[in-house]
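The values are calculated or read from the model by the stated rules, or taken from the named source; none is laboratory data. From a predicted model like this one, the values you see are computed outputs, not experimental measurements. In this analysis, Cβ positions are derived from the backbone assuming ideal geometry, glycine residues included, and neighbour counts consider all displayed protein chains. These accessible areas exclude ligands, DNA and RNA; they are computed on the full protein's heavy atoms, side chains included. Shrake-Rupley method; radii C 1.70, N 1.55, O 1.52, S 1.80 Å.
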Amino acid sequence: MDLSSNCELSRLFACNLTSITCKCLALATIALFFRAILYHLSSGDVVLEWDDLDMILGRFMLLQSDEGIHRVKFLEVRQLVWGLNNQKIAFARACLTARMVNRTLLMPSLSASLFYKETDSLQPVSFNNVFRFERFNSLREGFIRLAHYSDLKNRTRLKQSIVNGPTEMHDVIRMAGKNPFLWHDHWPVKDYARVFECLVLVDEISKEADKVVSKIRRIGRQLRSEPGEGSSLQLAPYVTVHMRVEIDWMIRCNKLEQRSGVCQISSSKQEIMERRGRIINFEAPIVVDLAVADNLLNDSSILSGWNKGLVPYEKKNLGVDGIYKKHPCLIQSAIGYEVCSKADILVSNNFSTFSSLIVLERTQKMMRLGITSSYENENEINIQWPCYAYSIAAGETNGP
């Protein structure tokens, strides 16, 4: 309010509030009004539905610099649910939303189990029991910041309230309603990638994944050793095939194909094996690590019918299923993800969230080497971390 407005307001009060009684009533009313505002702003914690936030985010979309994130204003989200990679996407959206409103994200809880309808069965697990908290902040300093709940001062005085004033006046914005995975998507893929590459597994989990990878490579060396020479000391490569052929997956894909009019979302086991066999840039024999659901581990048919030189293994006949079984579903997925991401060749389903995030990570690595386009003939250039999609047939050879 400028000086001229103040003068007009003074004249208005001088004309109308002539009696002492009226003046006292007016002052009391004004005092109560400002007291209500100050009480609301001091409540510290504000609850927003996603639709509420959607309406006020426009002016924050311009915040794209890496100059720093507010360290004493926070965004809080509900516990993340569903599978590991759904939770990673939800976490990335929460991070990018916090950046959008220039706030530090309070470290959300993950869910150790896959149950999501019965909230009592979610088995919350702390973020820093899966990913390295300090490492995350150091890798993305200035872009996104994560905080412990202990970083909040005077947490006991925070009170839920309805948004009536500017959100930037509140210490904490608490997001209610939809899980972050279901929020609207405002960000380019490169921003998601910047978040994902900071999610470094804690040592306890990464060491479990290393045990699995070591077992795969050890078998690969044995396959390539000549009789009487013992195992070769050379690092043996391996191929990972993310094999989605479960009944529930096929039903879901068929429904999506009908709705969208898109074919080849689902692939049969035979199609996967045939297209994998058309990748020629590898030296046989080579171990094919099959990333499959646990309910397929007793299906011996997934190990038969592969081309000569491709030796398939899954975690049961590899002898590493015990490593997985001692952990909850979330950690099992994290170990499997790491094993897939370290494969020399990845053959995946591009309609799968699990596959897509691994491909995104490997693509980021290739782009840092200057590879910025897709490839059909892998023999033309020396490619590291190649990724193939068996759900898309390419070229005259009908390869992946």
Place a point 7 Å from the Cα of residue 222 along the Cα-to-Cβ direction; which residues of region 306-331 have their backbone N under 15 Å from it? 311-321
Heavy atoms of residue 243 accessible to a 1.4 Å probe, total area in Å² rounded to 10: 0 Å²
Would you mind checking 255/315; 88/316; 88/215; 207/316; 190/365; 73/190 for any pair whose Cα atoms are more than 21 angstrom apart? 255/315; 88/316; 88/215; 73/190
Note down the accessible area of residue 182, probe 1.4 Å, to the nearest 10 Å². 90 Å²
Run the quick spin-label model on residue 325 and residue 257: label points 7 Å from Cα toward the beta carbon, then report their separation in nm to one decimal. 3.5 nm
Using a 1.4 angstrom probe on the protein heavy atoms only, could you order 171, 151 from most to least accessible area? 151, 171
Leaving ligands, DNA and RNA out of it, rank 141, 338, 197 by accessible area with a 1.4 Å probe, largest first. 141, 197, 338
Karplus (6.51, -1.76, 1.60) ³J(HN,Hα), θ = phi - 60°, over region 172-182, in Hz, Gly and Pro reported as x: 10, 9, 9, 7, 10, x, 5, 5, x, 4, 9
To the nearest 10 Å², what's residue 175's accessible area with a 1.4 Å probe? 10 Å²
For region 333-340, just list the computed ³J(HN,Hα) in residue order, Karplus coefficients 6.51, -1.76 and 1.60, θ = phi - 60°, integers in Hz, with x standing in for Gly and Pro. 5, 5, 5, x, 4, 5, 4, 5
Calculated FRET value between residue 270 and residue 129, using beta carbons and R₀ = 60 Å, to 0.05: 0.90
What nm value, rounded to one decimal, do you get for the distance between residue 190 and residue 138 when each label is placed 7 Å out toward the C-beta? 2.6 nm
